[in-house]
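Report on the following structure.
Bear in mind these aren't lab numbers, they're just calculated from the coordinates by the rules spelled out. Everything quoted here is computed from the prediction, not taken from an experiment. A quick note on method: Cβ atoms are made from the backbone with ideal geometry, for glycine too, and the neighbour counts reach across all protein chains shown.
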Ligand code: FES
């Protein structure tokens, strides 16, 4: 053998600890990889690039990522690296029960440990569906190996009866139409065939698109790459370019901790407001920041988003879809519009400043990406953070997807201890509720469900839908799909299962929502709440063992990012002990 790197420590790559090793250990490392057909040249000290692939047929949004990985590999080889693809846990929103969010932290832990345990110098992260992107960013942050993310891209626009239909958003709309008797089951069958007509993730500005855009804003994706549709060849070319670029990152040791800075998170919060992004971004960004030691709080989201108008006219806040967003110019065009609000000296994985990156970014469709001077919704219409005696640690509401006339509302609570209990009641024509009622569902927080499912935008009671009511104030400790809409207060913290005041609300209590002044108030005296608290019993534990038990025992509240407490922070990429 002549091609492997010297064993004298001259090679500074992390992988040299494996492939430049002498004696028995080096022989084992090199020999077993040669069993895959690699020739000895791959051990000559070139960067070893992991391709972390969340491909799975159980995650339809990520099912095309094998092809994307092939393009990354070509780029890595071309740039002189040695690519090694490996599977990761995969989290698919459509199929996983009880909720994919229960497993975000597990996936993050799995990816983190896989990266650290193996002879990798850098990694390309292939994600798509909602939780796969934040999970991989959390992992990359905790290992802090040079990393580039390549998201799988959105589906092509959905089509039904000559019009666009948006994944998720139209599911909720059609559900309401069906519940109100205005659509038949046959029509639902017809609609579903046109809703997901290519590979890729949801093509609305749901959580997957939001997190893809924010990964780009954070500087972890190549410019423009969040919006290329999964079926567009430019998705493949972006992947190829990422493969080329990651080799350079390995050589220059540009790590996530130098990319995902406080400045980068501030940019992400501002862009999230402008794109009408998902409320889930709040939880995911807090969790990623927690891994990096970046100080970020729930209140930062409100303060930084307030001066930002909604510019992007995409469902669920607007009318268009990700394919349109791509052709209009995507994230670079939005960031150029927002340049005066952003940290344009930030440097991402391109190695260039944001100012340089967006200098030539054009907007090709002003209906889809509106100018600052003529926004879709005015400044301050993004996700608001509420405080009050019902949510002492905060709650959020996506104003751009809410009904303006309900943003100030006082009504009597109708309380349910589970979403199942609500669904039973909502189908009952004798349910005592009208459009002023404030619907409260609890027991759906991180600990309570567990996993904090996306049920916060639960469908309205059937009898009110039949009367033509389209929105009501809803409050829960749950999340909402990024594709969802309505006047829904989410992420109430502390959650009911943790003994938050939400657990003490009773049917008939008055609740006042005042989004302009950012308050959510339960109109019950402190003395009465103290009496109720004394009588409150925590819910019985649902799990005695396994991951769910670990999760419930250690998950943080939504206001902190819902990470597991022992995963907050980073352990770095130090080479583990050699067992050979
Ligand atoms: Fe995977 Fe929406 S279901 S992105």
Candidate set: the range 78-103, residues that are outside any loop (DSSP other than H, G, I, E, B) and away from the ligand (no atom under 16 Å from the Cβ); chosen: the one nearest to residue 63 (Cα to Cα): 87
Residue among 212, 196, 190 that is within 12 Å of the ligand (Cβ to nearest atom), touching a strand residue (DSSP E or B) at 6+ places or on another chain (Cβ under 8 Å) and farther than 22 Å from residue 243 by Cβ: 196
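Can you tell me which residues in the range 518-532 are part of a helix (DSSP H, G or I) and within 17 Å of residue 388 (Cα to Cα)? Outline the logic, then answer.
At the first step, the residues of the range 518-532 found to be part of a helix (DSSP H, G or I) are 526-532.
Passing the criteria: 526, 527, 528, 529, 530.
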Counted residues, the range 49-63 - those being within 13 Å of the ligand (Cβ to nearest atom), crowded, with 20+ Cβ neighbours inside 10 Å and not in a helix (DSSP H, G or I): 4
Filtered residues of the range 157-172 (kept if within 14 Å of the ligand (Cβ to nearest atom) and assigned to a loop (DSSP other than H, G, I, E, B)): 166, 167, 168
Neighbours by Cβ (under 8 Å, 6+ apart or cross-chain): first from the range 51-73, touching a residue at least 60 places away in the same chain (Cβ under 8 Å) and under 17 Å from residue 245 (Cβ atoms); second within 15 Å of the ligand (Cβ to nearest atom) and assigned to a loop (DSSP other than H, G, I, E, B): 68/152; 69/55
Test result for residue 231, in a loop (DSSP other than H, G, I, E, B), surrounded by fewer than 21 Cβ atoms within 10 Å (Cβ to Cβ) and within 16 Å of the ligand (Cβ to nearest atom): yes
Failed criterion for residue 113 (all others in (1) surrounded by fewer than 22 Cβ atoms within 10 Å (Cβ to Cβ); (2) in contact (Cβ under 8 Å) with a residue 40 or more places away in the chain; (3) not in a loop (DSSP other than H, G, I, E, B) hold): (2)
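Would you pick out the residues in the range 38-48 that are assigned to a loop (DSSP other than H, G, I, E, B), in contact with a helix residue (DSSP H, G or I) (Cβ under 7 Å, 6 or more places away or on another chain) and surrounded by 20 or more Cβ atoms within 10 Å (Cβ to Cβ)? Before the answer, list the steps.
Keep residues of the range 38-48 that are assigned to a loop (DSSP other than H, G, I, E, B), which gives 38-39, 44-47.
Those still in the list that are in contact with a helix residue (DSSP H, G or I) (Cβ under 7 Å, 6 or more places away or on another chain) too: 45, 47.
Once the filter is applied, which keeps residues that are assigned to a loop (DSSP other than H, G, I, E, B), in contact with a helix residue (DSSP H, G or I) (Cβ under 7 Å, 6 or more places away or on another chain) and surrounded by 20 or more Cβ atoms within 10 Å (Cβ to Cβ), the range 38-48 yields only 47.
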